[in-house]
Amino acid sequence: MGTKSVLVVDDSSTFRQLLCMSLSRVDGISASNITEAGDGQEALEKIREGKFDLVLTDIRMPRMDGLELVRQVRGEIGKDELPIVIISTKGSEQEVELGLSIGANGYLSKPISMVKLRELITSLLN
């Protein structure tokens with residue numbers, strides 16, 4: 001699996017940093033190929049501009065939430081092949097189900113298990 005390009009979307013800069021550090025430990029992902037966005041609107045602009053192999057997005061964010069980001073990527077942009085993983089806090093099962101029904105490829109709950117993160121990313125990128 002060559003070097004993969006990942007977009008991390010979360011309104012918490014601290015959580016983005018933690019996730020980026022974790023991702024850089026996954027085979028095939030280097031820190032230089034990880035891009036960050038603070039909300040869905042910023043992420044959508046970056047997806048339009050660049051080529052990503054994977055998007056990890058929080059659900060609750062200002063301007064545009066993660067669910068709307070999934071809708072826009074699948075509908076307006078038409079990137080059905082781009083894997084999108086929703087990251088949610090425990091207790092938002094309905095949002096996760098909605099996210100999966102509108103096109104997300106998987107989800108992780110906070111706090112994120114490094115083992116589950118690695119397994120999910122490896123399965124989506126291979």
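The values are calculated or read from the model by the stated rules, or taken from the named source; none is laboratory data. Just so it is clear, the structure is predicted and the values come from calculations on it, not from any experiment. Virtual Cβ from ideal backbone geometry, glycine too; neighbours counted across all protein chains shown. Each accessible area value is taken on the protein alone, full model and side chains, heavy atoms only, with ligands, DNA and RNA left out. Shrake-Rupley method; radii C 1.70, N 1.55, O 1.52, S 1.80 Å.
When a 1.4 Å probe is rolled over the protein heavy atoms, the share of accessible surface on the chain that falls to carbon and sulfur comes to 47 percent. Across all Cα pairs in the chain, the calculated P(r) in 10 Å bins from zero up to the longest distance comes to 14, 52, 33, 2 percent per bin. For the chain, lysine pairs separated by 8 or more sequence positions, or belonging to different chains, with Cα-Cα distances below 27 Å total 15. Working from label points 7 Å from Cα in the Cα-to-Cβ sense, the Lys51 to Ile77 distance is 1.5 nm.
As an equivalent ellipsoid, segment 29-76 spans semi-axes of 18, 12, 9 angstrom, where each value is the square root of five times an eigenvalue of the C-alpha gyration tensor, largest first. Given +1 at the Cβ of Lys and Arg, -1 at the Cβ of Asp and Glu and no other charges, the dipole of segment 1-76 around its Cα centre is 200 debye to the nearest 20. Between Arg63 and Glu119, the contour length at 0.36 nm per residue exceeds the alpha carbon distance by 17.1 nm.
Each of Gly99, Pro62, Ser5 was scored by the projection of its Cα onto the charge dipole of the chain, and the greatest displacement toward the positive side belongs to Ser5; charges sit on the C-beta of Lys, Arg, Asp and Glu.
Surface analysis of the chain yields an accessible area of 50 Å² per residue, using protein heavy atoms and a 1.4 Å probe. Applying 1/(1 + (r/R0)^6) with R0 = 22 Å to the Cβ-Cβ distance of Gln94 and Leu18 gives a FRET efficiency near 0.30.
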